[in-house]
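Trainee: Let me give you the structure first, and then I'll get to my questions.
Laboratory data are not the source of any read-out in this text; all were calculated from the coordinates shown. Note that this is a predicted model, so its numbers are computed, not measured. With ideal geometry, Cβ positions are generated from the backbone for all residues, glycine too; neighbour counts draw on all protein chains shown.
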Amino acid sequence: MKPNLILHVVAKFLIPLIIVFSLYVQFHGDFGPGGGFQAGVIFSAAFILYALVFGLDAAEKIIPSQWLHMLAALGLVLYAGVGVVTLLLGGNYLDYTVLGATQIAGQHLGILLVELGVGITVGAVMLIIFFAFAGRGRT
Amino acid sequence: MIDTIINITLLAFLATTSVAIVRMTNLFAIVMLFGIFSLLSAGLFVVMDAPDVAFTEAAVGAGISTVLMLATLALTRNSSKTPYTEASPAHRPWLPLIVVAVTGAALVYGTWDIPSFGDPNAPAQTHVARYYIENSIVETGVPNMVTAVLASYRGFDTLGEVAVVYTAGVAVLLLIGGRRPKTAVKLKDKGEQDEA
Amino acid sequence: MDFLIGHYNYWVVIFLMMVGLYTVISRGNLIKKVIGLNIFQVSVFFLYISIGTVAGGAAPIFAEGIKVYSNPLPHVLILTAIVVGVATTALALALVVRINEAYDSIEEDEIHELDHSL
């Protein structure tokens, strides 16, 4: 029996559940507690668990650092971009009412996109920070 | 009644954990106690009717912060001395104790006039908050008032916050993003420090 | 007695704040200072959330039949503050790692001596 067998089996079981839970928290932030920040942190926790159990090199193969740098910037651009789109459609900056046919539809779409941007950036930045700390000192 | 008892118990645990953090000298144990402190505070936030905040505090405090502190402990391990132990303080603690006591007394004097805990007629509950509680479901159609205020009414603040998180990520990358092997360079051996 | 029940948790919060402040100013180990700063931050969050609770109120999520809600505004402020706090902690710990690589120590007194600055 390999020395880390229990850890490997339990991690393989838990990591998909954690990712699905983070997506649930992200998209149900309107109807219950949750939202972008919590979802981003939980999403990064899944990959941190993978890195702790299977090694940093395996984790960096499934999420290359280039992707993380681009995703972190992408979330912020998405958030600011929603504001620019509302400017172009005739409203104020970040005025979600012009995004949809009715005010409530526009607000729903605006909040969804904005929370998505927040979640993407927070998850990517937490992973960037963890990989920076864990990779220091290795040649 | 049961609410008050749970409140008192959790606060007592928190106070005990924080005093233990100050008094212990083994850094590994202190980081573990910090994780416990975060989890207890998340429980206390739930008792105080703040599930969003409890969620974030549990994920961020007991999750990310503890992992980063353990990583820092691993990176700052010095094999020459006893590892993970704090050096005993060189100064007597009288001056910090006096400063802390005076500041604490001033703050307690300041809380003499605060409205009671849970008072529904406090000024904090009667002005802007009433507008948000009554109108956020009508104007935005989102049942979670905290998300509605965070993403819609106060969207600029959240934009600034995402920018702050991104900046912190960039700054950490600049500081320790490279993979240099750990070589301690004492400042008196090398004339000028010129690491990137 | 009413005064005591209405104010005791502010006093416990101030006690936590002072414990955090004492850890920052009196201990020399850099990691312990960062942990003390975090304790201080969490106690400030308690202060805000305590101001926002309403006795007998529910969590601020709209549901049929609930009349009294807790104040959602402090929750919003503290959500932002928690995330900014973890960003600050990550940056502080990165600085500690770099200081250790330069001076081979994380004790404030030894660093001052090595730096000849005190």
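Trainee: What does the charge add up to near A:L94, with Lys and Arg as +1, Asp and Glu as -1, over the other residues with Cβ less than 12 Å from its Cβ? Before the final figure, lay out the partial values.
Mentor: Details: positive: B:R154; negative: A:D95, B:D157.
Result for the neighbourhood of A:L94: -1.
Trainee: Now for a separate question. Take chain B, connect every pair of alpha-carbon atoms lying under 10 Å apart with a spring to form a Gaussian network, then pick out the residue of B:T85, B:T167, B:T147 with the largest mean-square fluctuation.
Mentor: Per the Cα network of chain B with a 10 Å cutoff, B:T167 tops the list.
Trainee: Sticking with this one: Provide the FRET efficiency to the nearest 0.05 for the A:L74-B:L174 pair, computing r from the beta carbons and using R0 = 22 Å. Provide the component values of the computation, followed by the final result.
Mentor: On the way: r = 20 Å, r/R0 = 0.90.
Result of the calculation: an efficiency of 0.65.
Trainee: Using a cut-off of 9 Å between beta-carbons, work out the net charge of the residues near B:N144 (Lys and Arg +1, Asp and Glu -1, B:N144 not included).
Mentor: On the way: positive: none; negative: A:D30, B:D52.
Around B:N144, the charge tally is -2.
Trainee: Further question on the same structure: To make sure I understand the rule: partners must be aspartates and glutamates, Cα under 19 Å from the Cα of C:K67, and not fewer than 8 residues away in the same chain. Which ones qualify?
Mentor: Excluding near neighbours in sequence, the set is B:D49, B:D119, B:E134, B:E139.
Trainee: I'd like the mean, over residues of B:106-112, of how many other protein chain beta carbons sit within 10 Å of each residue's own Cβ.
Mentor: Numbers: counts 1, 8, 6, 0, 2, 6, 3.
Per residue, the number of nearby Cβ atoms from other chains is 4 on average.
Trainee: Right, next: Across the residues of C:106-116, average count of Cβ atoms on other protein chains within 10 Å? Before the final figure, lay out each step's value.
Mentor: Working: counts 7, 6, 3, 4, 2, 1, 0, 1, 3, 2, 2.
Per residue, the average neighbour count from other chains is 3.
Trainee: A further question follows. Relative contact order of region B:1-76: what whole-number percent is it, with Cα pairs under 8 angstrom and at least 6 residues apart? Working shown, then result.
Mentor: Numbers: 56 pairs, mean separation 23.8, N = 76.
Normalised by residue count, the contact order of region B:1-76 is 31 percent.
Trainee: Enter the Cα centre distance for the pair region A:61-139 and region C:67-115, rounded to the nearest angstrom.
Mentor: 24 Å
Trainee: Rule-of-thumb check for chain A: C-alpha Rg over 2.2 N^0.38 Å? It would help to have the intermediate numbers written out before the result.
Mentor: Numbers: Rg = 18.3 Å, N = 139, 2.2 N^0.38 = 14.3 Å.
Normalised Cα radius of gyration, chain A: 1.27.
Trainee: Cα axis of helix B:66-75 to longest principal axis of chain B: angle in degrees, 0 to 90, nearest 10?
Mentor: 10 degrees
Trainee: Tell me the angle of helix A:103-135 to the major Cα principal axis of chain A, expressed in degrees between 0 and 90 and rounded to the nearest ten.
Mentor: 30 degrees
Trainee: Here is a further query. In peptide A:79-91, what is the residue-averaged number of other protein chain Cβ atoms found within 10 Å of each Cβ?
Mentor: Details: counts 6, 3, 0, 2, 3, 0, 0, 0, 0, 0, 0, 0, 0.
Counting Cβ atoms of other protein chains within 10 Å of each residue's Cβ and averaging gives 1.
Trainee: Give me the distance in nm between label points sitting 7 Å out from Cα along the Cα-to-Cβ direction at A:K12 and C:V44, one decimal.
Mentor: The answer from the label model is 4.7 nm.
Trainee: While we're looking at this one, here's another question. Which whole-number percent of Cα pairs in region B:90-168 have a distance greater than 16 Å?
Mentor: On the way: 2207 of 3081 pairs.
Distances greater than 16 Å cover 72 percent of the Cα pairs.
Trainee: Can you work out the base-10 log of I(q)/I(0) for the protein assembly as shown at q = 0.07, 0.11, 0.14 1/Å, using the Debye formula on its C-alpha atoms alone?
Mentor: Relative scattering, expressed as log10 I(q)/I(0), comes to -0.39, -0.95, -1.38.
Trainee: Determine the sum of side-chain charges near A:Q103: Lys and Arg each +1, Asp and Glu each -1, restricted to other residues whose C-beta is under 11 angstrom from that of A:Q103. Working shown, then result.
Mentor: Details: positive: none; negative: A:D95, B:E139.
Result for the local shell: -2.
Trainee: So, one more: What spacing in nm lies between the two simple spin-label points modelled at C:D109 and B:T167, each 7 Å away from Cα in the Cβ direction?
Mentor: Reported label-point gap for C:D109 and B:T167 is 3.7 nm.
Trainee: Per-residue counts of other Cβ atoms within 10 Å, averaged by peptide: what ranking do you get for C:94-107, C:54-67, highest first? Walk me through the intermediate numbers first.
Mentor: On the way: C:94-107: 19.9, C:54-67: 15.1.
By packing density, highest mean first, the sequence is C:94-107, C:54-67.
Trainee: Let me ask something else about it. To test your reading of the geometry: what angle, between 0 and 90 degrees and rounded to tens, separates the Cα axis of helix C:30-52 from the longest principal axis of chain C?
Mentor: 10 degrees
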